[in-house]
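The values are calculated or read from the model by the stated rules, or taken from the named source; none is laboratory data. As the structure is a prediction and not an experimental result, all values here were calculated from the model. Cβ: placed from backbone, ideal geometry, glycine included. Neighbour counts: every protein chain shown. Heavy atoms of the whole protein, side chains included, go into the accessibility calculation; ligands, DNA and RNA do not. Shrake-Rupley method; radii C 1.70, N 1.55, O 1.52, S 1.80 Å.
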Amino acid sequence: MSQKTEKLIDKKGLRLDGRKPDELRPIKIEVGVLSNADGSAYIEQGKNKILAAVFGPKELHPKHLALQDRMVLRCRYHMAPFSVQERKSPAPSRREIELSKVIRESLEPAIFLEYYPRTGIDIFVEVLQADGGTRCASITAASLALADAGIPMRDLVAACAAGKADDTIVLDLMDTEDKIGTADVPVALMPNLNAITLLQMDGILTLEEFKKAVNMAIEGCKKIYALQKEALKLKYVSVKEEAEE
Ligand code: UDP
């Protein structure tokens with residue numbers, strides 16, 4: 001981070017990929033893409049390509065992990081060896097273990113865990129191609145996979161980062177902005193409840209910049225939420241049409 005070798009914002013105030021500071025990357029979301037999982041979703045956000053699959057609620061193995069008063073949520077975030085420029089070892093890295101925890105903790109508040117005591121849900125996130133902001137895109141997709149599996153939820157969780165590129169606060173950082181920029185603030189939001197379930201910060205920002213980044217990320221989450229709802233509806237319209245045929 002923070003080596004200013006390249007300008008991230010041009011004279012017109014646009015970013016390397018032509019985006020305005022508060023513009024999201026193009027997003028494509030599909031729900032119910034895997035027939036062998038209880039729920040699934042696929043997201044493309046810029047160059048990120050991520051699959052999320054959910055199994056459960058089901059009996060937990062090993063059994064001693066089960067909790068008497070609620071369901072246990074488990075999550076595995078994994079990057080395919082071909083997902084980044086330099087081949088990534090398929091073995092779980094420290095970063096993947098951390099992100100698995102971060103994704104799980106940002107989804108937990110959205111689920112009525114108390115409805116299914118002594119059971120568990122497994123979320124598997126496979127990053128097929130990464131270009132910055134994969135934790136947020138994974139949360140967005142995993143939340144839809146949970147909804148697709150019919151898990152009772154308080155709200156969907158939408159996630160997006162904001163950060164600082166050169167001297168500008170920007171939304172939805174891509175890899176170059178993440179690496180050369182000076183700060184990254186990932187946020188996850190339950191938009192209907194107006195509740196933040198993830199807030200991290202990497203880098204240095206003034207208080208004013210931090211507030212601007214958080215507000216910009218929240219606005220980004222709200223836009224992603226609209227796309228999530230559209231994708232969910234589309235799945236059930238196509239299921240209905242198939243049933244009618
Ligand atoms: N990355 C990489 N190799 C790795 C891990 C990450 O090239 O082994 C890249 C990838 O593009 C990722 C970005 O670094 O999206 C930023 O990673 P970070 O840890 O900040 O998490 P993210 O922004 O993806 O949530």
At 1.306 mPa s and 10 °C, Stokes diffusion of the chain via Kirkwood alpha-carbon radius, µm² per second: 86
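Please compare each pair in Lys11/Lys222; Lys47/Lys211; Lys63/Lys101; Lys101/Lys212 to a cut-off of 24 Å on the Cα-Cα distance and tell me which ones are over it. Walk me through the numbers before you get to the answer.
Values: Lys11/Lys222 29 Å; Lys47/Lys211 27 Å; Lys63/Lys101 21 Å; Lys101/Lys212 26 Å.
Table pairs above 24 Å Cα-Cα are Lys11/Lys222; Lys47/Lys211; Lys101/Lys212.
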Rh by Kirkwood over Cα pairs, then Stokes-Einstein D for segment 1-116 at 0.692 mPa s and 37 °C, µm²/s: 184
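Identify the trypsin sites (Lys or Arg not before Pro) of segment 1-105 meeting these criteria: DSSP loop state and at most 10 other C-beta atoms within 10 Å of the C-beta. It would help to have the intermediate numbers written out before the result.
Numbers: sites: Lys4, Lys7, Lys11, Lys12, Arg15, Arg19, Lys28, Lys47, Lys49, Lys58, Lys63, Arg70, Arg74, Arg76, Arg87, Lys88, Arg94, Arg95, Lys101, Arg104; in loops: Lys4, Lys7, Lys11, Lys12, Arg19, Lys47, Arg70, Arg87, Lys88.
Passing sites in segment 1-105 are Lys4, Lys11, Lys12, Arg87.
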Percent accessible area from carbon and sulfur atoms, the chain, protein chains only, probe 1.4 Å: 53
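Over the chain, give the accessible area per residue in Å² for a 1.4 Å probe, as an integer. All intermediate terms of the calculation are to be shown ahead of the outcome.
Working: 12480 Å² over 245 residues.
Result: 51 Å² of accessible area for each residue.
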Base-10 log of normalised Debye intensity for segment 1-55 (one unit scatterer per alpha-carbon) at q = 0.18, 0.25, 0.27 Å⁻¹: -0.71, -0.96, -1.03
Asp22 accessible area, assembled protein chains, probe 1.4 Å, Å²: 80
Cα centroid separation - segment 19-55 against segment 154-180, whole Å: 17
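Probe radius 1.4 Å, ligands and nucleic acids left out: which of Ser89, Ser35, Ser138 has the largest accessible area, and how do the rest follow?
Working: Ser89 55, Ser35 115, Ser138 0 Å².
Final ranking, largest accessible area leading: Ser35, Ser89, Ser138.
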Arg95-Val239 pseudo-label distance in nm [points 7 Å out on the Cα-to-Cβ vector]: 3.6
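Determine, from the Cβ-Cβ distance of Asp69 and Leu193 and an R0 of 35 Å, the FRET efficiency 1/(1 + (r/R0)^6), rounded to the nearest 0.05. Spell out each step's value before the answer.
Working: r = 22 Å, r/R0 = 0.64.
The computed FRET efficiency comes out at 0.95.
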Under 5 Å, built H, 5+ apart or other chain: amide partners of Gln129: Lys49
Highest average packing first - 139-148, 193-202, Cβ atoms within 10 Å: 139-148, 193-202
In degrees, nearest ten, helix 207-244 long axis to first principal axis of the chain (Cα): 40
